[in-house]
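Here's the structure, in structure tokens; my notes come after.
The values are calculated or read from the model by the stated rules, or taken from the named source; none is laboratory data. It should be emphasised that the depicted structure is a prediction, and the values quoted were computed from it without experimental measurement. Here the Cβ is made from the backbone with ideal geometry for all residues, glycine too, and neighbour counts use every protein chain on show.
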Amino acid sequence: MTAEKTTSSDTFPSHAQVVIIGGGVIGTNIAYHLAHLGVRDVVLLEAHRLTAGTTWHAAGLVTSAGMVDETAMFMARYTRDFYEKLEAETGIATGFRPIGHISTATTPQRLEALRRDCAFLHGFGVEHREISREEVKALWPLANVDDVLAGFFNEQEGRIDPVDVTMSLAKGARMKGARIIEGVRVNGITQANGRVTGVLTDRGPIAAETIVNAAGMWGREVGRMAGVDVALQAAEHYYIITERVEGVDRDLPIIEDPDLYGYYRPEGDGLLVGLFEPVAAPWQLDEIPRDFAFG
């Protein structure tokens, strides 16, 4: 699926009901759902190519673990069910694989917290269960479980391919009439009487009733165009993709150790090791470089 690339000002839109700035998984998701809700005049603008920024290298985890308020839990479960059926609608695979998700507890405090989370999810019908150290080992033979007190397992959740999902969402949005245009840079947001009136782009202005800031790590800069202070700061985040690891297979569940700030999942015949640093270093405090698209 190729997104629309306009080459003439004659084909570039002059107005829209909704303009979405940003063509990652969030922007295309919003375009898809607005179009399916019946909003017919939706334009999504992407400065580079779809998935640029952070979507293209996201880990693609689909889990309700840690969702301890009703809204977040609902969104997590809706997303899981939605991605499972999206491919049938658009013909573009999402890479969804319900390989399961394990959270481990290695301290009494974490065990209590995860039991509370599990009870909360049960209240909404989510099949999340406590498993023993031995069951963790059986599901993840590569794991050292000597310090594991218990695990918490949801076999329905798993992973997607963020790039494939974005392309599938974009096609689903276009099937309902949304326009998705790549290679368009938004340089300003116009306003009158306290409301937005449109965007200024390097291909001309677009009048709009509503503007959605889905610019990801550029969200702070886009907010400034409208005089809005978006409390967002890019931070360094590390993950490692290993070479081949004996014993890895593609059906291993995702396993997460919250106290080590780490998650692990199969990646080819190796592993992806992700690290959520408790004190991450901020990156580019003044401004995110505009051309940092696939860096």
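Tabulated data for the structure shown
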item: Unique match (being of a type outside the set (S, T, N, Q), assigned by TED's automatic domain parsing to the domain that holds Leu142 and free of Cβ contacts under 8 Å to residues at least 60 places away in the same chain) among Gly295, Gly268; result: Gly268
item: Subset of the range 88-101 [assigned to a helix (DSSP H, G or I) and buried (at least 17 other Cβ atoms within 10 Å of the Cβ)]; result: Thr90
item: Some residue of the range 102-112 being hydroxyl-bearing (Ser, Thr, Tyr), surrounded by 19 or more Cβ atoms within 10 Å (Cβ to Cβ) and not assigned by TED's automatic domain parsing to the domain that holds Ile30; result: yes
item: Residue list for the range 124-143, filter: closer than 19 Å to Thr79 by Cβ and either exposed (fewer than 13 other Cβ atoms within 10 Å of the Cβ) or touching a Lys or Arg at 6+ places or on another chain (Cβ under 7 Å) (or both); result: Gly125, Val126, Glu127
item: Residue pairs meeting the criteria (Cβ under 9 Å; at least 6 apart or on separate chains; first without any contact (Cβ under 8 Å) to a residue 60 or more places away in the chain, in the range 204-225; second of a type in the set (Asp, Glu) and not in a helix (DSSP H, G or I)); result: Gly223/Asp229
item: Ser64 vs. criteria touching a helix residue (DSSP H, G or I) at 6+ places or on another chain (Cβ under 6 Å), of a type outside the set (A, V, I, L, M) and modelled with pLDDT under 95; result: yes
item: Lone qualifier among Thr94, Thr71, Thr90 - being under 15 Å from Arg174 (Cα atoms), out of contact with any strand residue (DSSP E or B) (no Cβ under 9 Å at 6 or more places or on another chain), among the polar types (S, T, N, Q) and not assigned by TED's automatic domain parsing to the domain that holds Arg174; result: Thr90
item: Hits in the range 20-68 - residues which are among the aromatic types (Phe, Trp, Tyr) and over 25 Å from Tyr263 (Cβ atoms); result: Tyr32
item: Pairs where the first residue, in the range 22-38, is part of a helix (DSSP H, G or I) and the second is of a type in the set (Asp, Glu), C-beta under 7 Å, 6+ apart; result: none
item: Ala226, sole failed condition from (1) out of contact with any helix residue (DSSP H, G or I) (no Cβ under 8 Å at 6 or more places or on another chain); (2) farther than 24 Å from Gly53 by Cβ; result: (2)
item: Given (1) at pLDDT below 95; (2) under 30 Å from Trp283 (Cα atoms), index of the condition Gly194 fails; result: (2)
item: Residue match in the range 65-75 (condition: assigned to a strand (DSSP E or B) and aliphatic (A, V, I, L, M)); result: no
item: Residues within the range 1-34 that are modelled with pLDDT of 95 or more and of a type in the set (Ser, Thr, Tyr), tallied; result: 3
item: Hey, Leu44 at pLDDT 95 or above, in a loop (DSSP other than H, G, I, E, B), crowded, with 23+ Cβ neighbours inside 10 Å and in contact with a strand residue (DSSP E or B) (Cβ under 9 Å, 6 or more places away or on another chain) or not; result: no
item: Subset of the range 52-87 that is under 18 Å from Ser103 (Cα atoms) and of a type in the set (Ser, Thr, Tyr) - its residue that is surrounded by the most Cβ atoms within 10 Å (Cβ to Cβ); result: Ser64
item: Condition check for Ile211: in a strand (DSSP E or B), surrounded by 12 or more Cβ atoms within 10 Å (Cβ to Cβ), under 22 Å from the mean Cα position of the chain (by Cα) and among the aliphatic types (A, V, I, L, M); result: yes
